[in-house]
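Colleague: Take a look at the following structure, please.
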There are 2 protein chains.
Amino acid sequence: MTDAPMTAQAASTATAGDILSSHLTALAGAFLRALPLAVGEVGARPGVSAVASEGTADLLRAVRRINGLLHTFGPSFEAGWVQESRAELGWLLNLLALEPGYVRRAARLLGALDGLNGSETEGPGMLAGHAGAPKARALLDRQLTLARTRAHSTVLQELRSARLHALADRMTLLVAETPLAASAAGRAGAVLVPQAAAAFGALAASAQQLPLHRAATPYGGDGLRRLGAVPSARGALDADAALAADDAPWHRTGVLVKRARYALEVCGRPSAVLDELDRVLLRHLEASEAAVTAATAARTPRITPATAYVLGVVHADQRLEVEAARYAFGRRWPELPPGTEAWLELSPVESWGPSAESRTA
Amino acid sequence: MTDAPMTAQAASTATAGDILSSHLTALAGAFLRALPLAVGEVGARPGVSAVASEGTADLLRAVRRINGLLHTFGPSFEAGWVQESRAELGWLLNLLALEPGYVRRAARLLGALDGLNGSETEGPGMLAGHAGAPKARALLDRQLTLARTRAHSTVLQELRSARLHALADRMTLLVAETPLAASAAGRAGAVLVPQAAAAFGALAASAQQLPLHRAATPYGGDGLRRLGAVPSARGALDADAALAADDAPWHRTGVLVKRARYALEVCGRPSAVLDELDRVLLRHLEASEAAVTAATAARTPRITPATAYVLGVVHADQRLEVEAARYAFGRRWPELPPGTEAWLELSPVESWGPSAESRTA
């Protein structure tokens, strides 16, 4: 990301294609620089490492943004190229996110367990001295390490695949020339602002479906009870399905927050509020997934009642984290301008260049 | 409580003894009217009933207030009489509160379990369809019913004891004449206001020791982790002891809120804020005790892992209720006037009579 941002003067006469090409060239360059590092990092580790790798993180960052831009500003590109590129980027995104996801989930669950146990510096917790705590910790650690090892093998295999080589070639071509549609010849403001506004419209519509009035009152217990009813195939109530259905609209909103955030970056105006909402809904997603892991671990055959009891506490604790994230979102969301285009109307588009500080995550 | 309140004119020239006698006579009358009803109610139930009885509730109400007044305005009475009376009233209070306490605890725990299970109208919860939910419900129900049955037998026995007859005689004498100290001959305002202020001073000092700055931020997890360290006799960390030590200052504050509330009633100015804080800290106490019951049930030998898992969720849920009550207290407490005497200085004492609406709990 060494390209100098376009100046405000140059931007004022730029076409939509100029702006998008400038962004995508920079992002494709970041992709191509990070790819060999990521491949090397994954290959160098025979097992799993505790920290997420720098190269993989950079690669994920570039892939997420390219994917987001191709979605939001799709009509400015050749339709077939956009569709193919997004399919391949989506595949790589899921692949790359797998192992770091397990690393973060292990850190979250074992950290929560240690906090509830309180063997650490912060004083004891409600599981301090409980016979089930070390057993539950070992069980979670074992199951997550196994999942990470499997994910690692999959990633290692796919990073050497022809499919990845083809995607790298696609990015190399992108640096040379962006396959723009005819409409991209229009002025940046006239073409890109409505497309970015549509991304905000989708976010606003999604957020409007959330039970924000309930989430804004703390301790309502919404992440733990009063879930939407989802009868299972057997006709009985299924808590896993009900929890997943209850969380899904929040996860969808999280995707839309990311897209809106990346669209604002193209418009040269990164938003601290959107960055925070992105973090809040990532916390929602990770706590929701960690809760599933705890509930699944509790169904392991032949565990002791003490282990199961501790996993019940950890499961409830993670659902509480889900509820806390919803509360945080419900507190911040109303601070955003209400109208769909209000974000882009609030301050005139002066600089369309990529700004370095907006690329931190 | 049919006694007419004293008029403002009469009150303005009343002595402290007049005011206290008027209150205590009314309360002792309520005690004597409620006592046979309470004895009859307890005796009429061979087992246990789901609802708290009216007579017992009235008796508890009178005992709490007489006990509170004797504590706050103790220097206005004969010292020996106050000491003996408070010991006997405390004994009856603990005795009478036992059975209704188990009734409310069962309602709270089984209600929480049903909410988490979500078989009720509000939609499924995180324990919906879980094999352990009906087992955990049956276990909690069985253990609490047993505890209530034992408490009932104890109460039944003590309500026929010579000790209770002696206390009833003490209340009968109180209706006839209040054993006042010489200092009670002073003007009501000059004698009672400093004593009531001391009750508020004790409450303020107790609340100042609470971690209100932490409790005022929701979802800090304070009721579940970061407890004060209390090494057990064996030197190991003991979660039960740590939780009890963490809750104790809040329970103490709850007692002081009640005393301040009753002192304000004597001053003829019931406070809606104090009533609410009283309810909030009662919720804290009941959730704290319910959490202990869930944790204890999870240690029952030979339960299934599924049952233990559900009890872990219920335990965490009740600790969350503890945290929610702390949050509610932390939000309301700063609305109270800061100084110890501010409450009584805010509005001049115009009427010292007992007001009917202040006797609702």
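The values are calculated or read from the model by the stated rules, or taken from the named source; none is laboratory data. The structure presented is a predicted model; accordingly, all values stated were derived computationally and were not measured. A quick note on method: Cβ atoms are made from the backbone with ideal geometry, for glycine too, and the neighbour counts reach across all protein chains shown.
Colleague: Filter region B:122-145 for residues that are free of Cβ contacts under 8 Å to residues at least 24 places away in the same chain and facing chain A (nearest Cβ under 10 Å) and give the result.
Modeller: Passing the criteria: B:Glu122, B:Gly123, B:Pro124, B:Gly125, B:Ala128, B:Gly129.
Colleague: Exactly one condition in (1) farther than 20 Å from A:Glu84 by Cβ; (2) out of contact with any helix residue (DSSP H, G or I) (no Cβ under 9 Å at 6 or more places or on another chain) is false for A:Ala162; which is it?
Modeller: Checking A:Ala162 against (1) farther than 20 Å from A:Glu84 by Cβ; (2) out of contact with any helix residue (DSSP H, G or I) (no Cβ under 9 Å at 6 or more places or on another chain), the one that fails is (1).
Colleague: Next question. Go through region B:82-126 and report how many residues are closer than 30 Å to A:Arg226 by Cβ and either of a type outside the set (Gly, Ala, Ser) or not in a helix (DSSP H, G or I) (or both).
Modeller: Residues flagged as closer than 30 Å to A:Arg226 by Cβ and either of a type outside the set (Gly, Ala, Ser) or not in a helix (DSSP H, G or I) (or both) within region B:82-126 amount to 21.
Colleague: Name every residue in region B:139-186 that is aliphatic (A, V, I, L, M) and closer than 19 Å to B:Gly101 by Cα, in order of residue number. Full working, then the answer.
Modeller: Here is the first cut: in region B:139-186, the residues aliphatic (A, V, I, L, M) are B:139-140, B:144, B:146-147, B:151, B:155-156, B:159, B:162, B:164, B:166-168, B:171, B:173-176, B:180-182, B:184-185.
Of everything in region B:139-186, those that are aliphatic (A, V, I, L, M) and closer than 19 Å to B:Gly101 by Cα turn out to be B:Leu139, B:Leu140, B:Leu144, B:Leu146, B:Ala147, B:Ala151, B:Val155, B:Leu156, B:Leu159.
Colleague: With respect to A:Leu89, determine if the residue is under 20 Å from the mean Cα position of the chain (by Cα) and surrounded by 21 or more Cβ atoms within 10 Å (Cβ to Cβ).
Modeller: Numbers: under 20 Å from the mean Cα position of the chain (by Cα): yes; surrounded by 21 or more Cβ atoms within 10 Å (Cβ to Cβ): yes.
So A:Leu89 passes the test.
Colleague: Looking at (1) closer than 23 Å to A:Glu289 by Cα; (2) surrounded by 17 or more Cβ atoms within 10 Å (Cβ to Cβ); (3) of a type in the set (Gly, Ala, Ser), which is the only condition A:Gly111 fails?
Modeller: Condition (2) is where A:Gly111 drops out.
Colleague: Got at least one residue in region B:188-203 being touching a residue at least 40 places away in the same chain (Cβ under 8 Å) and outside any helix (DSSP H, G or I)?
Modeller: No: zero hits.
Colleague: Of all residues in region A:294-311, how many are in a helix (DSSP H, G or I) and in contact with a helix residue (DSSP H, G or I) (Cβ under 6 Å, 6 or more places away or on another chain)?
Modeller: Residues in region A:294-311 being in a helix (DSSP H, G or I) and in contact with a helix residue (DSSP H, G or I) (Cβ under 6 Å, 6 or more places away or on another chain): 10 in total.
Colleague: Looking at B:Gly223, B:Gly228, can you tell me which residue is surrounded by 20 or more Cβ atoms within 10 Å (Cβ to Cβ) and within 14 Å of chain A (Cβ to nearest Cβ)?
Modeller: Step by step, each of B:Gly223, B:Gly228 is checked, and only B:Gly223 is surrounded by 20 or more Cβ atoms within 10 Å (Cβ to Cβ) and within 14 Å of chain A (Cβ to nearest Cβ).
Colleague: While we're on this one: What are the residues in region B:165-176 that are surrounded by fewer than 18 Cβ atoms within 10 Å (Cβ to Cβ) and in contact (Cβ under 8 Å) with a residue 40 or more places away in the chain, if any?
Modeller: Passing the criteria: B:Ala166, B:Ala168, B:Arg170, B:Thr172, B:Val175.
Colleague: Another question about this same structure. Within region B:311-327, restricting attention to residues that are more than 16 Å from B:Arg108 (Cβ to Cβ) and at the interface with chain A (Cβ under 8 Å from one of its Cβ atoms), which residue is farthest from the chain's Cα centre (by Cα)?
Modeller: B:Gly312
Colleague: Let me ask another. Run down B:Gly330, B:Gly339 and say which single residue is more than 8 Å from chain A (Cβ to nearest Cβ), out of contact with any Ser or Thr (no Cβ under 7 Å at 6 or more places or on another chain) and at pLDDT 70 or above.
Modeller: Testing whether each residue is more than 8 Å from chain A (Cβ to nearest Cβ), out of contact with any Ser or Thr (no Cβ under 7 Å at 6 or more places or on another chain) and at pLDDT 70 or above leaves just B:Gly330.
Colleague: Follow-up question, since we're still on this one. Of the numbered conditions (1) farther than 16 Å from B:Ala239 by Cβ; (2) among the aliphatic types (A, V, I, L, M); (3) at the interface with chain A (Cβ under 8 Å from one of its Cβ atoms), B:Leu282 fails exactly one; give the number of that condition.
Modeller: Failing condition for B:Leu282: (3).
Colleague: Can you say whether B:Leu243 is in contact with a Ser or Thr (Cβ under 8 Å, 6 or more places away or on another chain), touching a residue at least 24 places away in the same chain (Cβ under 8 Å), of a type outside the set (Lys, Arg) and within 14 Å of chain A (Cβ to nearest Cβ), as far as the supplied structure shows?
Modeller: yes
Colleague: A:Arg148: of a type in the set (D, E, K, R), within 14 Å of chain B (Cβ to nearest Cβ) and within 23 Å of the chain's Cα centre (by Cα), yes or no?
Modeller: no
Colleague: Say we look at region A:285-310 and pick out the residues that are within 11 Å of chain B (Cβ to nearest Cβ) and β-branched (Val, Ile, Thr); which of these is surrounded by the most Cβ atoms within 10 Å (Cβ to Cβ)?
Modeller: For region A:285-310, the residue satisfying everything is A:Val310.
Colleague: Next up: Do we have any residue at all in region A:177-189 that's at pLDDT below 90 and either out of contact with any strand residue (DSSP E or B) (no Cβ under 8 Å at 6 or more places or on another chain) or not charged (D, E, K, R) (or both)?
Modeller: Among the residues of region A:177-189, at least one is at pLDDT below 90 and either out of contact with any strand residue (DSSP E or B) (no Cβ under 8 Å at 6 or more places or on another chain) or not charged (D, E, K, R) (or both), which makes the answer yes.
Colleague: Being closer than 30 Å to B:Val314 by Cα and either touching a Ser or Thr at 6+ places or on another chain (Cβ under 8 Å) or within 14 Å of another protein chain (Cβ to nearest Cβ) (or both), is that true of even one residue in region A:170-179? Give the steps one after another, and end with the answer.
Modeller: Residues of region A:170-179 closer than 30 Å to B:Val314 by Cα: none.
So far as region A:170-179 goes, no, none of its residues is closer than 30 Å to B:Val314 by Cα and either touching a Ser or Thr at 6+ places or on another chain (Cβ under 8 Å) or within 14 Å of another protein chain (Cβ to nearest Cβ) (or both).
Colleague: Also, quick follow-up: From A:Ala62, A:Ala107, A:Ala97, grab the single residue that is of a type in the set (A, V, I, L, M, F, W, C), within 26 Å of A:Gln318 (Cβ to Cβ) and in contact with a Leu (Cβ under 8 Å, 6 or more places away or on another chain).
Modeller: Within the list A:Ala62, A:Ala107, A:Ala97, the selection yields A:Ala97.
Colleague: Quick check: is even one residue across region A:258-270 closer than 19 Å to A:Gly111 by Cβ, β-branched (Val, Ile, Thr) and part of a helix (DSSP H, G or I)?
Modeller: No, region A:258-270 contains no residue that is closer than 19 Å to A:Gly111 by Cβ, β-branched (Val, Ile, Thr) and part of a helix (DSSP H, G or I).
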